[in-house]
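Novice: Please read through the structure below; I'll follow up with questions.
The values are calculated or read from the model by the stated rules, or taken from the named source; none is laboratory data. Keep in mind that this is a model prediction, so the values were computed, not measured. Positions of Cβ are generated from backbone atoms using ideal geometry, with glycine treated the same way; all protein chains shown enter the neighbour counts.
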Amino acid sequence: MLCICVCVYRPVLAKAIHSLSRIGDELYVEPQDDGLALRSVNSSRSAYACFLFAPLFFSRYTIPSGHAFRCKMAIKSVQAVFRSLASLEKTVEKCHIGLDEKKNRLTFTLHCKHGLLKTHNLSFQDSESLQAVFDKDSYGNVFRSHPRLLVDTVVHFPPSLEEVTVSVSDERMWVRNHVEEEDRSKSMLTELCLASDEFDHFAVTTQNSVTFCLKELRGMLVFAESTGLPVSMYFDEPGSPLVLSVTDSVLEGNFVLATLSDDSNHRKNNSRREQTPPPPPNDDFMDDDMDSYLIAMDTSIAPGPSATRPPTPPLAVSTYSKQPAAANHRSRLIAEEQEEEEEEEAELADSAGPPNKKFCSLFFGSVLPPSSQTSTQPVTNQEVLASDSEDDEQ
Amino acid sequence: MPLSTQSQADDEPYVLVASLDNARNLSNILKSITFKDHAIFSATPNGLKVTVEDSKCMQANAFIQADIFQEFTIKEDLVGFQVNLTVLLDCLNIFGGSTVQGVSTALRMCYRGYGYPLTLFLEEGGVVTVCKINTQEPEEPVDFDFCSNNVTNKVILLSESLKEAFSELDMTSEVLQITMSPSQPYFRLSTFGNSGNAHYDYPKDSEMMELFRCTTTQTNRYKMSLLKPSTKALALSCKVSVRTDSRGFLSLQYLVRNDDGQICFVEYYCCPDEEVEEE
Amino acid sequence: MKFRGKIIDVACLNHFTRVVTTISKLTKICVLRLTPDNLFFVLSGKVANGGVSMWCELSQANFFDEYQMEGVSSEDNEICLEVTPENLSRALKTVQNAKAVKLKLTKKHCPCLTIAAELPTLSSISRVVTHDVPVDVIPRRLWHEFKEPSMPDFDVSIYLPPLKTMKNVVDRMKNLSNFLVMEANLNGEMNLKIETDLVSVTTHFKDLGNPPWGDDASQDGGPSQSRDPEDMAQARVDIRKLQQFLMGQQVNPSKAMCNIVHERVVHLILLHEDVSLQYFIPAVA
């Protein structure tokens, strides 16, 4: 056993996993020095979520020393361990999470009432670390409220609605459903106006609007509401990700959602992309030598100034990251799953080209190789990357 | 109305007449064995046995004793017929199968014999429904030859503890493996799914374990698709007896208490998975 | 053309929402006719919607605290809109706890029925939600299609049993068959019947009573004079249509009736204190 986490069963762990399942199909598990990180990303890479359970959350927290370990598995199978939340609360007394790297399995053991012992051995795949680059503290617009306020807000929108637009002024926040221009005559438009004093914290430095997916927001709210933790929302300009977060003394949850960039940006980027076909796959990328490539990536950002931007790599990554053709958000993630996805990615690049959709810049940052893996520290100057990588090729 | 004229069976041409004040006492228990449309009804003076089978590897029997019925008149030693169980259940629940106290559907079920339909008279709140369900000649149910002399292992559990396990079963697993043993792990349910395996271990001294009598360590696999329907019976029951015989055949007996506190039994037999391969 | 209405009373809002929700269960699209005194939801039987017709009439004064309208012209003081009741229902459902709800005909990106609600908050400033539901304005020349359907010359008129009981029976029958025969006589008896290869089911309702239609009813002084009270009039209908009608009903009306034109049409009428709903299901062979 490499990693052992034991805790008196607390439903918050299960709730976090259920909430991550609203984001993506896979759960990324990474025992870190500062706690157990559980992450997920959606298939179009426009939404990412991470929960970090501090060592103090557990009654015992032992992780491998010397080298970092990470893995991913189908989130459904982990959800199955915690299927019936209500009954678990009554029956489970202790929860034990053990990681066996040799057998490639993560074991959840639930000690239940009447001596019933449930053991789930889940097989996993190795994975690179999955991390979105975001720096919510640098964002100009910050709001915090009891989850109820947001729950009462989203209830006005139909479950089928995909995106909402949030606009702010110094005093108000407006939330409305996002409707494509061509659908406007057919669609119902809903707008809700919230006064600043309904929030615990309401700070606006730039009066602007961002549009993002509602599904993930709902996923976050289910968690926040069930735990009663206040939700903080951070956003900046259209195109840079919106961050939702919850924290208490032993856990932190961050949901990073891509936002649509504004219209001018949209047109500009689209036309530019039409003129400039994506470059062929980078040879380095096709090799399994992901780590070195990624290091290059990461260190290249660190200096920050746009003059020292890396050459083609970021674009190569963004262009070839897995992208369902129908995806509404175009996002850029440093993908780590080279084996499975390369073929498809290459194909996409050849035939389909970038989806003819609004440009959107959720920017997932980089992955350091295990040895130099630092932590969840955000890379500070991601705006450079986020806004300009497209220019780099020119 | 037909329902108020009970105890006239002698004047009637029916070989079988069975009446219930509360049709739910029949419909609930039949629901717990509904996984195929065809059900074989065998009535004897002792009561009614309803059998449903799946691919000759699994068989479910519901027993409703004669004294559960307010009237149970049978003119032959054995009356057998086959009907579509889904249709029968829709008929029994024609008034919605209300669970509200004091509201119940009265039932009178009559059968004239070979070639005749099964006739149901149902009444609730003064409204009467008459159903005529076509019958077929009964097939011979498979004899699983499960006899208590050959039972090697047996446990009786409170259903509550198994309900949780069954509701959480990994359905991507093709089989459910049952291990019964006089030593550790005593009673274990295992699945082997796409994403890994899971084991549920019940200690023999658990309060949930009413009886533990295992003589040899036995591990058998049963097709999940065959066992899954038994969850319905489990949900309804308060106790379950799990037995395996020397061939690895499984018997699950569920003790079901109806709305009026009377006891009925539902039994599932299942062949071990290996047997299927040999066929 | 102007329309503006305001509902403050919670019970009225709730009631209005229920009516709209009922309509939304019956049809995807219908016509909303606004007159100075009434609101009408109208569906005129076209083959596309299974030949079903609907006529729902509400007296505005029973729902609205304020109600102002100006029709197309002073002679034709009406407004006729094609609406999606589902959208209206959804919008209304989310504002059930509102302090006040306004309904307005607005010109936004397209003609809209705007539902604006003031929601209670702890804050000093109200939380306001607006729903713009796109509508199509129906031109004057098409209005004739949305007139109140005339009372059919029925053979039997009968009160319906409790709708809940009827719904249970129809739901089960739906599992067994696609068509159902509805038959009734002037002796207060009604039967619902299905018959398939596997099973035949008949549910008998009795003592339902027959409404006294008097003079304004069926043309020649009502059918009761000449008709044998035991004689059943029947119509075979698509069960789904009947099921839809029963599904939408959330409260028992003060009166529920059914008129059957033998082998032609089933005409269902629900009367609440301030709402009436008529629904026509054509018979099939």
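Novice: Can you name the condition, by its number, that C:Leu192 falls short on among (1) within 12 Å of another protein chain (Cβ to nearest Cβ); (2) assigned to a loop (DSSP other than H, G, I, E, B); (3) touching a residue at least 12 places away in the same chain (Cβ under 8 Å)?
Specialist: C:Leu192 satisfies all of (1) within 12 Å of another protein chain (Cβ to nearest Cβ); (2) assigned to a loop (DSSP other than H, G, I, E, B); (3) touching a residue at least 12 places away in the same chain (Cβ under 8 Å) except (2).
Novice: Given (1) among the hydroxyl-bearing types (Ser, Thr, Tyr); (2) at pLDDT 95 or above; (3) in a loop (DSSP other than H, G, I, E, B), identify the lone condition not met by B:Thr244.
Specialist: (3)
Novice: Being surrounded by fewer than 21 Cβ atoms within 10 Å (Cβ to Cβ) and either outside any helix (DSSP H, G or I) or more than 8 Å from every other protein chain (Cβ to nearest Cβ) (or both) is the filter here, so list the residues in segment C:168-182 that pass it.
Specialist: Once the filter is applied, which keeps residues that are surrounded by fewer than 21 Cβ atoms within 10 Å (Cβ to Cβ) and either outside any helix (DSSP H, G or I) or more than 8 Å from every other protein chain (Cβ to nearest Cβ) (or both), segment C:168-182 yields C:Lys174, C:Ser177, C:Asn178, C:Phe179, C:Val181.
Novice: Something else now. Kindly list the number of the only condition in (1) under 22 Å from the mean Cα position of the chain (by Cα); (2) over 23 Å from B:Glu123 (Cα atoms); (3) free of Cβ contacts under 8 Å to residues at least 40 places away in the same chain that fails for C:Asp197.
Specialist: Among (1) under 22 Å from the mean Cα position of the chain (by Cα); (2) over 23 Å from B:Glu123 (Cα atoms); (3) free of Cβ contacts under 8 Å to residues at least 40 places away in the same chain, the lone unmet condition for C:Asp197 is (1).
Novice: Inspect segment C:98-108 for any residue being small (Gly, Ala, Ser), away from chain A (no Cβ under 12 Å) and either part of a strand (DSSP E or B) or on the phi > 0 side of the Ramachandran plot (or both) and give the result as yes or no.
Specialist: yes
Novice: What helices (runs of 4 or more DSSP H), lying completely within segment A:1-120, carry at least 2 residues that are within 14 Å of chain B (Cβ to nearest Cβ) and touching a strand residue (DSSP E or B) at 6+ places or on another chain (Cβ under 8 Å)?
Specialist: Passing ranges, in order: A:75-81, A:85-91.
Novice: Here is a further query. Exactly one of these conditions fails for C:Leu142: (1) assigned to a helix (DSSP H, G or I); (2) within 13 Å of chain A (Cβ to nearest Cβ). Give me its number.
Specialist: Here C:Leu142 clears every test but (2).
Novice: Evaluate the following for C:Leu119: is it within 14 Å of chain B (Cβ to nearest Cβ) and at negative phi?
Specialist: The answer is no for C:Leu119.
Novice: Any idea how many residues of segment B:169-192 are surrounded by 19 or more Cβ atoms within 10 Å (Cβ to Cβ), assigned to a strand (DSSP E or B) and free of Cβ contacts under 8 Å to residues at least 40 places away in the same chain?
Specialist: Total satisfying the criteria: 3.
Novice: Among the listed residues A:Ala47, A:Ala86, A:Ala80, identify the single one that is among the small types (Gly, Ala, Ser) and under 15 Å from A:Gln131 (Cβ atoms).
Specialist: Exactly one residue qualifies, and that residue is A:Ala47.
Novice: When you go through C:Leu13, C:Leu92 one by one, which is the residue that is within 14 Å of chain A (Cβ to nearest Cβ) and over 21 Å from C:Leu268 (Cβ atoms)?
Specialist: Only one candidate qualifies: C:Leu92.
Novice: Which residue, of A:Glu182, A:Glu225, A:Glu237, is out of contact with any helix residue (DSSP H, G or I) (no Cβ under 8 Å at 6 or more places or on another chain) and surrounded by fewer than 17 Cβ atoms within 10 Å (Cβ to Cβ)?
Specialist: Among A:Glu182, A:Glu225, A:Glu237, only A:Glu182 is out of contact with any helix residue (DSSP H, G or I) (no Cβ under 8 Å at 6 or more places or on another chain) and surrounded by fewer than 17 Cβ atoms within 10 Å (Cβ to Cβ).
Novice: Would you check which residues across segment C:258-285 are over 11 Å from the mean Cα position of the chain (by Cα) and surrounded by 21 or more Cβ atoms within 10 Å (Cβ to Cβ) and list them?
Specialist: C:Cys258, C:Asn259, C:Ile260, C:Val266, C:His267, C:Ile281
Novice: For the structure I just gave you, tell me whether C:Ile158 is in a strand (DSSP E or B) and closer than 26 Å to A:Phe199 by Cβ.
Specialist: Answer is no for this residue.
Novice: One residue is enough: does segment C:7-18 have a residue meeting the conditions in contact with a strand residue (DSSP E or B) (Cβ under 7 Å, 6 or more places away or on another chain), over 29 Å from A:Thr153 (Cα atoms) and not in a loop (DSSP other than H, G, I, E, B)?
Specialist: No, that holds for no residue.
Novice: Quick one: would you say B:Lys232 is surrounded by 17 or more Cβ atoms within 10 Å (Cβ to Cβ) and basic (Lys, Arg)?
Specialist: Here the answer is yes, as B:Lys232 does meet what is asked.
Novice: Can you tell me which residue within segment A:172-196, out of those that are in contact with an Asp or Glu (Cβ under 9 Å, 6 or more places away or on another chain) and more than 30 Å from C:Val137 (Cα to Cα), is modelled with the highest pLDDT?
Specialist: Filtering first and then ranking leaves A:Met173.
Novice: Continuing with this model, one more query. Based on this model, can you work out whether B:Gly196 counts as buried (at least 21 other Cβ atoms within 10 Å of the Cβ) and modelled with pLDDT under 95?
Specialist: Against the criterion (buried (at least 21 other Cβ atoms within 10 Å of the Cβ) and modelled with pLDDT under 95), B:Gly196 qualifies.
Novice: Being crowded, with 21+ Cβ neighbours inside 10 Å, touching a residue at least 12 places away in the same chain (Cβ under 8 Å), outside the structural domain of A:Ser21 (by TED's automatic domain parsing) and in a strand (DSSP E or B): is that true of A:Thr165 here?
Specialist: No.
Novice: A further question follows. Of the residues in segment A:171-208, how many are assigned to a loop (DSSP other than H, G, I, E, B) and within 15 Å of A:Tyr234 (Cα to Cα)?
Specialist: Residues that pass the stated criteria total 7.
Novice: Please go through segment B:100-115 and pick out each residue that is in a loop (DSSP other than H, G, I, E, B), touching a Pro at 6+ places or on another chain (Cβ under 9 Å) and not basic (Lys, Arg).
Specialist: B:Gly113
Novice: I'd like to check something: does segment C:71-85 contain any residue that is of a type outside the set (Val, Ile, Thr), in contact (Cβ under 8 Å) with a residue 40 or more places away in the chain and closer than 29 Å to A:Val151 by Cβ?
Specialist: Taking every residue of segment C:71-85 in turn, at least one turns out to be of a type outside the set (Val, Ile, Thr), in contact (Cβ under 8 Å) with a residue 40 or more places away in the chain and closer than 29 Å to A:Val151 by Cβ.
Novice: So in segment B:131-144, with the set limited to residues that are in contact (Cβ under 8 Å) with a residue 40 or more places away in the chain and within 14 Å of another protein chain (Cβ to nearest Cβ), which one is surrounded by the most Cβ atoms within 10 Å (Cβ to Cβ)?
Specialist: Across segment B:131-144, the extreme among qualifying residues is B:Cys131.
Novice: Mind checking whether some residue in segment B:193-210 is of a type outside the set (Lys, Arg), more than 10 Å from chain A (Cβ to nearest Cβ) and touching a residue at least 40 places away in the same chain (Cβ under 8 Å)?
Specialist: Taking every residue of segment B:193-210 in turn, at least one turns out to be of a type outside the set (Lys, Arg), more than 10 Å from chain A (Cβ to nearest Cβ) and touching a residue at least 40 places away in the same chain (Cβ under 8 Å).
Novice: Any idea how many residues of segment A:133-157 are within 14 Å of another protein chain (Cβ to nearest Cβ), part of a loop (DSSP other than H, G, I, E, B) and hydrophobic (A, V, I, L, M, F, W, C)?
Specialist: So the answer is 2.
This table checks each residue for (1) more than 8 Å from chain C (Cβ to nearest Cβ); (2) closer than 25 Å to C:Phe205 by Cβ; (3) under 19 Å from the mean Cα position of the chain (by Cα).
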site: B:Ile68; (1), (2), (3): yes, no, yes
site: B:Ile74; (1), (2), (3): yes, no, no
site: B:Gln82; (1), (2), (3): yes, no, yes
site: B:Leu85; (1), (2), (3): yes, no, yes
site: B:Gly96; (1), (2), (3): no, yes, no
site: B:Tyr114; (1), (2), (3): yes, no, no
site: B:Leu118; (1), (2), (3): yes, yes, no
site: B:Thr129; (1), (2), (3): no, yes, no
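Novice: A further question follows. I'm checking my understanding of the structure. Among residues of segment A:92-112 that are out of contact with any Phe, Trp or Tyr (no Cβ under 9 Å at 6 or more places or on another chain) and modelled with pLDDT under 90, which one is nearest to A:Met233 (Cα to Cα)?
Specialist: Applying the filter and picking the extreme gives A:Asp100.
Novice: Ok, one more. State all residues of segment A:64-79 that are among the polar types (S, T, N, Q) and either surrounded by 15 or more Cβ atoms within 10 Å (Cβ to Cβ) or in contact (Cβ under 8 Å) with a residue 12 or more places away in the chain (or both); if no residue qualifies, say none.
Specialist: Matches in segment A:64-79: A:Ser77, A:Gln79.
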